[in-house]
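Here's the structure we're looking at; comments come further down.
The values are calculated or read from the model by the stated rules, or taken from the named source; none is laboratory data. What you are looking at is a predicted structure, and each value in this text was computed from that prediction instead of being measured. Cβ sites come from the backbone with ideal geometry, for glycine too, and all protein chains shown count toward neighbours.
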Amino acid sequence: MRPVHPLPNKRYNGIEQEAYHLCRILEALEEWPATVKSTKTPALCGRVLGYMLQEAPTAQGHSNVASQILLCQNDDDPYCQLEALATLYLDEFIYKYVVITIATALPPNYPVIWSNLDLFGLVDLDANIDTDSKSVHSLQNMLTLNVTTQGDFDRMLAWFEADSRMPHHYRFVLNDPRTGKLKKSEVLDMRSLSNLLPPPSKEYLRLHEACAKVTYLSGGDVYADRLSHEAQEAGESVWGDEDLAV
């Protein structure tokens, strides 16, 4: 059985502390009120929201996520709204938008995806990455990986962790699906031998790292595996025909 990582006892400031406290209350809830119908446990939803707050790559991202969490308190049924927000992040954002975007380049409706990225509070990729029709296939938007590594990367089982000492240097981190333990490679230099060939976008890699770490730390990877197995048994795509028509 893969380990679960409870939310740590961390201290934030202002609204971020209020939001994180609410996430920990949700994580400690044994079961949902009768008004909430969900296949996800309160603990999973609390961890998803808490780790989203923790892993957002920018200060604005932390603030955005915290604000969305606290808005749920203003509803007549706050637990229902918290579950819906966790579902939005886990199902609609991480697995659909991010996996499809990174695994297959940009779908035709990519402006919708960028708005969701901004709503998520990560990075304004539209401002940092070329997304027009002429430059979407820039080397900054691409990775060349072997088949096994690409599969792990696309399934959020692996990510590239930046080395703070040197720009464009990373460790490849793999979440072993059998044990839930992390394996890290030696530091990799992602730069080309030619100065004319740019390295992969650090914004894209940081986005993917954040989402993969949320699924790993929250236990969302186990939930995703269940979705995948259920879809395969039913002979359906996890994403649906419309999502894969890119």
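If you go through segment 40-69 and pick out every residue that is free of Cβ contacts under 8 Å to residues at least 40 places away in the same chain and not in a helix (DSSP H, G or I), you end up with 1.
Determine the pairs where a residue that is part of a helix (DSSP H, G or I), located within segment 71-83, has a partner that is surrounded by 16 or more Cβ atoms within 10 Å (Cβ to Cβ) and basic (K, R) with Cβ atoms under 7 Å apart, the partner being 6 or more residues away or on another chain. Within 7 Å, the pairs are E83/K40. Condition check: closer than 19 Å to L71 by Cβ, crowded, with 20+ Cβ neighbours inside 10 Å, more than 19 Å from the chain's Cα centre (by Cα) and modelled with pLDDT of 95 or more. Does L22 satisfy that? Answer is yes for this residue. When V147 is tested against (1) hydrophobic (A, V, I, L, M, F, W, C); (2) over 30 Å from S192 (Cα atoms); (3) at pLDDT 85 or above, exactly one condition is not met: (2).
On the basis of being touching an Asp or Glu at 6+ places or on another chain (Cβ under 6 Å) and either at pLDDT 90 or above or of a type in the set (D, E, K, R) (or both), does A103 make the cut? So A103 does not fit the description; no. Scoring D154 on the criteria (1) out of contact with any Leu (no Cβ under 8 Å at 6 or more places or on another chain); (2) modelled with pLDDT under 80; (3) more than 30 Å from Y20 (Cα to Cα) leaves a single failure, condition (3). Would you be able to say whether some residue in segment 26-34 is part of a helix (DSSP H, G or I), in contact (Cβ under 8 Å) with a residue 40 or more places away in the chain and crowded, with 17+ Cβ neighbours inside 10 Å? Checked against the condition, which is being part of a helix (DSSP H, G or I), in contact (Cβ under 8 Å) with a residue 40 or more places away in the chain and crowded, with 17+ Cβ neighbours inside 10 Å, segment 26-34 yields at least one hit. Looking at segment 4-14, is at least one residue part of a helix (DSSP H, G or I) and aliphatic (A, V, I, L, M)? No: segment 4-14 contains no residue that is part of a helix (DSSP H, G or I) and aliphatic (A, V, I, L, M). Restricting segment 159-174 to residues that are more than 17 Å from S192 (Cβ to Cβ) and in contact (Cβ under 8 Å) with a residue 40 or more places away in the chain, the residue that is surrounded by the most Cβ atoms within 10 Å (Cβ to Cβ) is W159.
For segment 191-199, the criterion of being among the aliphatic types (A, V, I, L, M), closer than 26 Å to T58 by Cβ and in a loop (DSSP other than H, G, I, E, B) is met by none of the residues.
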